[in-house]
Amino acid sequence: MQTQSSLQSHWLRSYYFTRAAFSVVWISAAILFAGQSRAVAFLLVVYPLWDALANLVDARVNGGLQANPSQTLNVVVSTVTALAVVIALGHSTYAVLAVFGAWAILSGLLQLYTGVRRWRTDGAQWVMILSGAQSALAGGFMISQSFGIDAPTILDIVPYAGFGAFYFLLSSIWLVVAARRKAHA
């Protein structure tokens, strides 16, 4: 019989792996379709919508939206970001990058908070804490790039998504190793 702790660990491993896999697919599509404006627009809107959906599902699995205020707020922030990206697409790629930068800051800080909160009950959250902090810093960088001379493209967002994939995959692997150590102890 599995304990609540082992069920939670299994959920987080699957959740983190799924998020990493999505990011890898998104990155591949972004590189493949970088020159096609409709595909790029779709990808730019889908990315924050996926984040909203992932946070929504994870919050519901872990006690509901009320029990997970940082993820609830992240659902709202990511959904609003998707709408802001739609609007920014009508203005310029500079505006899109600025929107992504602001989103990276907010969602990164919310992820950092979620990681700190989960550390107490689930452990192994140092990767998510680091990821949240780096996301916030990357957001600041994206905003500064949005004031640059060179017109941004979706490829300017790919490294951000790449680091996210790396951190989610590392978290998943870390939890697998921790579960195996615990099982053999």
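First compute the accessible area of the chain with a 1.4 Å probe, then give the percent of it belonging to carbon and sulfur atoms. Summing carbon and sulfur atoms, their accessible area is 71 percent of the total for the chain. Ranking L53, V158, S172 by how far each Cα lies toward the positive end of the dipole of segment 42-185 (charges on Cβ) leaves S172 at the top.
Accessible area per residue for the chain, computed on protein heavy atoms with a 1.4 Å probe, is 53 Å². Dipole check for the chain: with +1 at the C-beta of Lys and Arg, -1 at the C-beta of Asp and Glu, and the Cα centre as origin, the magnitude is about 680 Debye. The long axis of helix 37-61 is offset from the longest Cα principal axis of the chain by roughly 20 degrees.
Just going by the charge dipole of segment 34-185, with Lys and Arg at +1 and Asp and Glu at -1 on Cβ, which of A82, F100, S131 is farthest out on the positive end? Among A82, F100, S131, the one farthest towards the positive end of the dipole of segment 34-185 is S131. If you wrap the Cα atoms of the chain in a convex hull and average its projected area over all directions, you get 10.4 nm².
Each Lys or Arg adds one and each Asp or Glu subtracts one; over the other residues with Cβ under 11 Å from the Cβ of Y94, this totals -2.
The values are calculated or read from the model by the stated rules, or taken from the named source; none is laboratory data. Keep in mind the model is a prediction, meaning the values are calculated, not measured. Counting neighbours? That spans all protein chains shown, and the Cβs are built from the backbone with ideal geometry, glycine included. Ligands, DNA and RNA are excluded from the accessible area calculation, which covers all protein heavy atoms including side chains. Shrake-Rupley method; radii C 1.70, N 1.55, O 1.52, S 1.80 Å.
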